[in-house]
Amino acid sequence: MSKRNLGTICVQGGYTPKKGEPRVLPIYQSTTFKYDTSEQMGKLFDLEDSGYFYTRLQNPTNDAVAAKIAELEGGVAAMLTSSGQAANFYAIFNICEKGGHVVCSAPIYGGTFNLFSVTMKKLGIDFTFVDPDAPVEELEKAFQENTKAVFAETVSNPSLVVLDIEKFANLAHSHGVPLILDNTFPTPINCRPFEFGADIVTHSTTKYMDGHATSVGGCVVDSGNFDWNAHAEKFPGLTTPDDSYHGIIYTEKFGKAAYITKATVQLMRDLGSIQSPQNAFLTNIGLETLHLRVKRHCENAQKVAEYLENNDKVAWVNYCGLKSSKYYELGQKYLPNGSCGVISFGLKGGREESIKFMDSLKFVAIVTHVADARTCVLHPASHTHRQLTEEQLIEAGVQPDLIRLSVGIEDVEDIIADLEQAMNV
Ligand SMILES: *Cc1c(COP(=O)(O)O)cnc(C)c1O
């Protein structure tokens, strides 16, 4: 099929019904799939034939949604997971085991920071956290002999650091490892990291992709571009026989889809964090309007950011759509159509003033969520990043007074009016 534009993929991607089939992607709410002979089924277990047999490995509803996201990102294939947390875990664990090491941009989502620095550390995987704005010579120092990947967020949650993707891709590649990017905030509507050299992309589909706060989910997308064989000694899981499949070698058998196939048939088989077909169905309905919603989120956020910047109760605002932002230039390069609907800012009077302001909001709600249709706020230091020490907060780019405002798709005049009244309480 010729390349389609993003809006068309949002609406039509992943599923093409044949004559007499449902127009809407059906929910295959079935754990299992039927075969006529025992030999047919045996071939599936040996990966000699493709087909569905058990939803923990693959399900038609999930596959259609994964295919849509893969097409949106311009990758070869994708795998849905039960959450964004699971997506990031699988993305790394697929190529980095006990004794391995990852270079990671420090400003990342609090949940990911905990996953990496506490839980994956217990599995014997070490992370070195780096300042993404540091010069290349400085970043080079973080690499070790056992480094297997570089990880970062395209636009970080909640600190909204815009990553210099090309700098990070070149750095990773010069050390023979892939760049894994969490592209949750921009979504492929605003940025397609593979075009700038990223190799693997992850998503918390819970956010803009679902967009209505109905379903927790995640996704891992493989660009198919990383040459695992060129660095075979670093990635034995992909380039040497897998005993759990009679010794198949993923790079030999699956070529460009080696990474994502291994993640599905080995990790998902064994760890089982699948997305339910019901959630995949809901995510797909969200995806059908992603291109419209993301545009509106960005238009509204730009206006709200400008309002905040011109308000003298506000100490600082961070939104890369503002010319005053440290990330304005990187934003123009990587996110020319807008970054996301999330703004971070602080009020004069610090932490206490921030809390008073949040408690005074009327329809802008305090929720542990971000990036859905309804405008919401969160104070990361008291909520998502509560477990982090003051020092870790700063490292993660979260000032103690930082308010994360997720601008929704309501009428922007009403959002601004609510902010205004809360600031004047
Ligand atoms: C929310 C989020 C996650 C975690 O996703 P869940 O779906 O909540 O598990 C990971 N990365 C980013 C950037 C996020 O915003």
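The values are calculated or read from the model by the stated rules, or taken from the named source; none is laboratory data. Just so it is clear, the model here is predicted, and its values are computed rather than measured. As a convention, Cβ positions derive from the backbone with ideal geometry for all residues, glycine included, and neighbour counts pool all protein chains shown. Protein only, heavy atoms only, side chains kept; ligands, DNA and RNA dropped before computing areas. Shrake-Rupley method; radii C 1.70, N 1.55, O 1.52, S 1.80 Å.
A few comments on the model shown:
- Helices (runs of 4 or more DSSP H) completely within region 1-93 that count 1 or more residues being touching a Pro at 6+ places or on another chain (Cβ under 8 Å) and open to solvent by less than 30 Å² (accessible area, probe 1.4 Å): 60-73
- Of the residues examined, TYR328 is not one that is buried (at least 23 other Cβ atoms within 10 Å of the Cβ) and of a type in the set (Phe, Trp, Tyr).
- Spans of helices (runs of 4 or more DSSP H) in region 287-397 with at least 1 residues under 24 Å from the mean Cα position of the chain (by Cα): 290-309, 328-334, 390-395
- Test: residue in region 127-134 that is over 22 Å from the mean Cα position of the chain (by Cα), surrounded by fewer than 17 Cβ atoms within 10 Å (Cβ to Cβ) and more than 21 Å from GLN392 (Cα to Cα): no
- Evaluation of GLY111 against the conditions (1) assigned to a helix (DSSP H, G or I); (2) modelled with pLDDT of 95 or more; (3) not acidic (Asp, Glu) shows that the sole unmet condition is (2).
- For region 254-278, a residue qualifies if it is under 21 Å from the mean Cα position of the chain (by Cα), of a type in the set (Gly, Ala, Ser) and assigned to a helix (DSSP H, G or I), and the qualifying residues are ALA257, ALA258, ALA263.
- Residue selected from region 197-215 under the condition surrounded by fewer than 20 Cβ atoms within 10 Å (Cβ to Cβ) and not small (Gly, Ala, Ser), by the criterion nearest to the ligand (Cβ to nearest atom): THR214
- Search result, residues across region 216-226 that are β-branched (Val, Ile, Thr) and near the ligand (Cβ under 10 Å from one of its atoms): VAL216
- Residue in region 32-52 that is of a type in the set (Val, Ile, Thr), in the same structural domain as TYR250 (by TED's automatic domain parsing) and modelled with pLDDT of 95 or more present: no
- Yes/no for ASP242 being buried (at least 24 other Cβ atoms within 10 Å of the Cβ), touching a strand residue (DSSP E or B) at 6+ places or on another chain (Cβ under 7 Å) and either closer than 20 Å to ASN94 by Cβ or basic (Lys, Arg) (or both): no
- Selected residue (only one of PHE151, PHE168 is open to solvent by less than 10 Å² (accessible area, probe 1.4 Å), touching a residue at least 12 places away in the same chain (Cβ under 8 Å), within 12 Å of the ligand (Cβ to nearest atom) and not hydroxyl-bearing (Ser, Thr, Tyr)): PHE151
- Any hit, region 109-116, residues being surrounded by fewer than 24 Cβ atoms within 10 Å (Cβ to Cβ), away from the ligand (no atom under 15 Å from the Cβ), assigned by TED's automatic domain parsing to the domain that holds ALA169 and in contact (Cβ under 8 Å) with a residue 40 or more places away in the chain: no
- Positions within region 359-414 being open to solvent by 40 Å² or more (accessible area, probe 1.4 Å) and within 27 Å of PHE127 (Cα to Cα), in sequence order: THR368, HIS383, ARG386, GLN387, THR389, GLU390, GLU391, GLN392, ILE394, GLU395, GLN399
- Residue in region 250-259 that is within 16 Å of ALA87 (Cβ to Cβ), at pLDDT 95 or above and crowded, with 20+ Cβ neighbours inside 10 Å present: yes
- Members of region 94-107 found to be more than 11 Å from the ligand (Cβ to nearest atom) and either open to solvent by 10 Å² or more (accessible area, probe 1.4 Å) or in a loop (DSSP other than H, G, I, E, B) (or both), listed by number: ASN94, ILE95, CYS96, GLU97, LYS98, GLY99, GLY100, ALA106
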